[in-house]
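Novice: Please read through the structure below; I'll follow up with questions.
The values are calculated or read from the model by the stated rules, or taken from the named source; none is laboratory data. Fair warning: this is a prediction, and the values are worked out from it, not measured in the lab. Cβ coordinates were reconstructed from backbone atoms using ideal geometry, including for glycine residues, and neighbour counts include every protein chain displayed.
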Amino acid sequence: MVRSFPSREKYANGRKRYIQIKRRCTPETAERAAAIAAEIEAAFFVEISRAAQPMTIAMLAERFLASKRDSIARRTLEIYEEMFRRFVNGHPFGEELVVDADPLMLQDTFDYYKSTGVPAVTLGRLKATLSAMFNQAVAWRQVDENPVRRVLVPKHNKKKAVVMGEKEAKTFLAACREGLAYFVFEFALETFMRPGEYLALRWSDIDLEERLVSVNRAIAVNYRGGGYEFKEPKTRGSKRVIAISEQLAERLLEHKGRQKEWIAEKAAIASGEALLAHMQKRGKNFRKRSRAKKVAREIARRAVELDLVFPASNGGPISRMNLRAREFQAVLDKAGLLGRGLTLYSLRHTGITLSLLAGVNIKAVSEKAGHASIGITLDTYSHVIPAMRQEATDRLAALLY
């Protein structure tokens with residue numbers, strides 16, 4: 001705001017002088033003015049888009065997928081593709097114009113899908129997918145706001161995580177030590193690592209002297225086309241350094257020694273030194289020697305190249321489904337825990353829960369778990385909080401009375 005007042009003084013040519021007083025508007029007014037300008041600009045471009053080149057929701061979905069194909073995780077891309085295939089492409093909803101997609105129309109669409117028996121978890125996934133798409137449409141100035149944000153979907157009640165108690169965890173660990181292939185579960189229980197993280201772990205990520213494990217990547221499986229890829233961990237906080245116990249470090253050292261022997265054995269078969277004994281052990285026809293040498297050479301090469309702490313028998317990453325269906329079920333059977341509904345993620349949940357019940361600082365637990373914030377830890381493990389409160393009260397009472 002500028003105000004001018006005539007002065008008693010004049011310029012040399014006789015013109016009047018003016019005094020100017022300038023005042024800035026408040027930050028709130030400036031923000032509101034910028035918001036109004038943005039709304040006008042967005043509405044202007046939306047009207048141009050409506051008149052010049054009408055775009056359907058199916059067309060937007062196709063453009064959105066094309067733009068995101070190389071910038072998002074493979075699993076996320078698969079979810080987007082599935083949602084568009086099931087609910088957009090070839091459906092009446094997909095033929096609607098993007099600029100006509102208001103919250104009420106979208107709400108009617110979601111209510112219709114709900115009435116046809118689509119589960120709440122799927123509706124939530126569809127909302128997240130469409131929301132991401134319309135956020136991009138706002139950036140492309142196809143719409144002035146994201147209408148999906150105002151849509152209500154049924155709440156999906158997540159299943160409560162199944163965890164082991166202290167005695168069950170000890171029984172489980174005892175069963176793990178009955179087989180060399182079961183060490184991976186002992187490692188998962190102590191480190192809280194996600195299956196995708198410890199199956200992508202390399203020996204170069206482990207410092208056995210300092211007893212530190214660095215989480216730098218995770219493995220992503222292509223469930224449709226097969227294969228795998230290594231990617232960044234789940235969240236920014238997922239990249240972390242985990243301290244391990246002396247006992248686990250010793251067992252890791254033993255595990256590394258056994259792995260070196262296994263690689264050396266494959267190299268010996270590939271060179272022909274141990275090929276005959278290998279063929280006799282397997283009961284194979286000697287005419288298949290060249291094939292056995294080739295397979296052993298490939299296993300040894302892959303094992304050395306990938307440097308995985310927990311490789312599969314072919315030297316590559318372990319299949320999570322095979323790990324769960326074979327080794328994990330076998331350990332649960334040995335421990336008498338079959339039928340409890342335990343999963344690979346239960347090892348992570350058990351380690352975190354037992355740590356919280358043991359009185360470990362919740363901030364330290366959250367960082368070790370790789371949660372983005374302590375709020376996620378509190379929310380996910382809220383069932384442990386009452387016991388922690390009671391323990392804190394009892395400790396205080398022991399000090400005071």
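Novice: Please give the number of the condition K334 fails out of (1) at pLDDT 90 or above; (2) out of contact with any strand residue (DSSP E or B) (no Cβ under 9 Å at 6 or more places or on another chain); (3) on the phi > 0 side of the Ramachandran plot.
Specialist: All conditions are met except number (3).
Novice: Still on this structure, I have one more. Name the residues in the stretch 63-114 that are under 30 Å from E229 (Cα atoms), assigned to a helix (DSSP H, G or I) and β-branched (V, I, T), would you? Spell out how you get there, then give the answer.
Specialist: Going residue by residue through the stretch 63-114, those that are under 30 Å from E229 (Cα atoms) are 63-89.
With the extra rule that they be assigned to a helix (DSSP H, G or I), the set shrinks to 63-68, 74-87.
Hits for the stretch 63-114 are T76, I79.
Novice: How about the stretch 329-366: which of its residues are of a type outside the set (S, T, N, Q), in a helix (DSSP H, G or I) and more than 22 Å from the chain's Cα centre (by Cα)? Walk me through it before giving the result.
Specialist: Taking the stretch 329-366 first, the residues of a type outside the set (S, T, N, Q) are 330-342, 344-345, 347-349, 351-352, 354, 356-360, 362-365.
Subsequent filtering for residues that are in a helix (DSSP H, G or I) retains 330-335, 344-345, 347-349, 351-352, 354, 356-357, 362-365.
Result: A330, V331, L332, D333, K334, A335, L354, L356, L357.
Novice: Continuing with the same structure: Out of L152, L201, I need the residue that is within 30 Å of Y113 (Cα to Cα) and out of contact with any Ser or Thr (no Cβ under 7 Å at 6 or more places or on another chain). Which one?
Specialist: Details: L201 fails: within 30 Å of Y113 (Cα to Cα).
None of the others qualify; the one that does is L152.
Novice: Let me ask something else. Could you check M164 against (1) part of a helix (DSSP H, G or I); (2) assigned by TED's automatic domain parsing to the domain that holds R326 and say which number it fails?
Specialist: M164 satisfies every listed condition except (1).
Novice: Condition test on E298, is it in the same structural domain as L173 (by TED's automatic domain parsing), closer than 18 Å to Q259 by Cβ and in a helix (DSSP H, G or I)? Talk me through it step by step, then tell me what you get.
Specialist: Values: in the same structural domain as L173 (by TED's automatic domain parsing): no; closer than 18 Å to Q259 by Cβ: yes; in a helix (DSSP H, G or I): yes.
So E298 fails the test.
Novice: Taking the stretch 244-271 only, how many residues are surrounded by 17 or more Cβ atoms within 10 Å (Cβ to Cβ) and over 17 Å from L180 (Cβ atoms)?
Specialist: 5
Novice: With (1) under 26 Å from R324 (Cα atoms); (2) in a helix (DSSP H, G or I); (3) at pLDDT below 80 as the list, and E261 as the residue in question, which single condition is left unmet?
Specialist: Status for E261: all satisfied but (3).
Novice: Take T109 and tell me if it is hydroxyl-bearing (S, T, Y), out of contact with any helix residue (DSSP H, G or I) (no Cβ under 6 Å at 6 or more places or on another chain) and outside the structural domain of D379 (by TED's automatic domain parsing).
Specialist: On the way: hydroxyl-bearing (S, T, Y): yes; out of contact with any helix residue (DSSP H, G or I) (no Cβ under 6 Å at 6 or more places or on another chain): no; outside the structural domain of D379 (by TED's automatic domain parsing): yes.
Judged against the criteria, T109 is not a match.
Novice: May I ask you to verify whether I376 is surrounded by 14 or more Cβ atoms within 10 Å (Cβ to Cβ), under 24 Å from the mean Cα position of the chain (by Cα), under 26 Å from F230 (Cβ atoms) and without any contact (Cβ under 8 Å) to a residue 12 or more places away in the chain? Give the derivation first.
Specialist: Numbers: surrounded by 14 or more Cβ atoms within 10 Å (Cβ to Cβ): yes; under 24 Å from the mean Cα position of the chain (by Cα): yes; under 26 Å from F230 (Cβ atoms): yes; without any contact (Cβ under 8 Å) to a residue 12 or more places away in the chain: yes.
Taking the combined requirement at face value, the residue satisfies it.
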